[in-house]
Each structure stands twice: as structure tokens, then as C-alpha cells.
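Chemist: Before I ask anything, here is the structure I am working with.
Bear in mind that the values in this text are calculations on the coordinates, not laboratory data. Keep in mind that what you see is a predicted model, and the values were worked out from it rather than measured. A quick note on method: Cβ atoms are made from the backbone with ideal geometry, for glycine too, and the neighbour counts reach across all protein chains shown.
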Amino acid sequence: MPGRFFLTSPMAELAEAVGAEAGPVAEEPPRRNVAPGEEVVVLTRAVLARMRWGIIPVGRVNARGRPVMETIVNARSETVFDKSAFTGTGRAVVPMNGWYEWTGETRRKTAWRIAPKGGGFLFFAAIMDRWQGPGGIEVDQVATLTCAPSADVAGIHHRMGVILEPEDIPLWLTGAEEVVAPLLRPWPEGRLQVARAEDVDWGAP
């Protein structure tokens, strides 16, 4: 929704697709298995950068006033603008060529690879924050947003990432909450290809 994803296209190709400078991520190698907690390529205001995938909301509280302790990899789009844990977060986009889901029982799970039909990129809506740790450590971090699944994905998972049309990226990054709310919906049916991911080395990034 996603739990892991892949980004294998050259960074120059990605930069051209989003109208940004590759800059510090220009030498990013192809990655077939990106996991939570790792650094990922992120677009923020026409700048490509690296951030940790997973927000540690230090200093944030939930609706009951209790500290939020868990690392948030995916945030529900239906409540992202309402939860106090996300107050003050910025917006970003996580580009990928596709992502993975699993079905079946433990130890007998089937891995599925979801990608756009015809290839290319998917642009996932995300929120970003900066974690300030002991000794002045600062880490930029990001969490992808999820929504109900499209018909393409519903058979393997009850959620999917919020995917943006390329032309909607500037609006998502800068628009008011009420203006971007309509963007937080399932990807149209028939635009994703789902196939078994039998050739992926799950121990490698």
C-alpha cells in the first residue's frame, strides 16, 4: 500500500519527467527493493532529494493527548489533514516505477508486482517532516498517503497509495487543503498491471 517499492529508471529520466534538477540524487542506482526505514528519492517543490521513508513523530500527540511513538510509513489520506500527529507537516511526492504487495498465509505468501501499464513512473502523494534527535541530529523524513484500492488492486490489498497525475504534482505540493482534497482518491481502473514478483531478491535493496 505500498510496503516496498522499486525505482529502477535513470535519475535523468525522472528529473525530466517532473521538471526538476537531479542534483544530489543524480547518481542514485537502480533499486528493485526499497524498504521502510531506508532513504528514498523525494520530490519537493521541483527539487529531488533523499529522505528516510518513515516519519518518527517526536513531540506529536494523538487525539487523546498521548505521544505518538510508532514510525509512520503510510498515512491514511482520509484523516491526514485532521490528525494532530500530522500538524505542521509539509508535502512531497515519492516517485517509483511500481510497488509490491503480498497475499496468502505466513511462510506461503505470494509477492505481487504492481506497475503502470506501458511502464513509466507512478507519483505517490506524501507528507514530510524533519526529525530532530539527540545532539542536534536532523533527519528529513517522509510518509506516503493511502486510500481505498482501485479495482486493479482490490483483489490483493484493501488499501493503495494515492497516485498523482503528473500535472497535479504542483497543486499537491502547494495547494490549500480544500483544493488538494479531490486528488486523494483511488487511481482509475485499468491503468495498473499486477503480476507475480518471482524474480525479486527480498534481501537486497
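Chemist: What number, in percent, do you get for the relative contact order of the range 4-196 if the mean sequence gap of Cα pairs under 8 Å and at least 6 apart is divided by its residue count?
Modeler: Across the range 4-196, relative contact order equals 20 percent.
Chemist: Report the FRET efficiency, 1/(1 + (r/R0)^6), for Thr8 and Lys117, where r is their Cβ-Cβ distance and R0 is 25 Å, rounded to 0.05. Could you put the intermediate results ahead of the total?
Modeler: On the way: r = 17 Å, r/R0 = 0.66.
Once rounded, the FRET efficiency stands at 0.90.
Chemist: If neighbour count is taken as other Cβ atoms inside 10 Å, put Arg64, Arg52, Arg76 in order from fewest to most.
Modeler: Numbers: Arg64 6, Arg52 19, Arg76 14.
Ascending Cβ contact count within 10 Å gives the list Arg64, Arg76, Arg52.
Chemist: Something else now. What does the net charge come to around Pro2 if you take all other residues with beta carbon closer than 12 Å to its beta carbon, with K and R at +1 and D and E at -1?
Modeler: Residues close to Pro2 contribute a combined charge of +2.
Chemist: Once the Cβ-Cβ distance between Ala154 and Glu198 is put in as r, and R0 is 22 Å, what FRET efficiency do you end up with, to the nearest 0.05?
Modeler: For R0 = 22 Å, the calculated efficiency reads 0.50.
Chemist: Here's another thing I want to ask about it. Could you tell me what a quarter of the Cα convex hull surface of the range 4-196 works out to, in nm² with one decimal place?
Modeler: Average of the hull's projected areas for the range 4-196 equals 12.0 nm².
Chemist: How many angstrom separate the Cα center of the range 4-38 from the Cα center of the range 130-183?
Modeler: Distance between centres, Cα-based: 17 Å.
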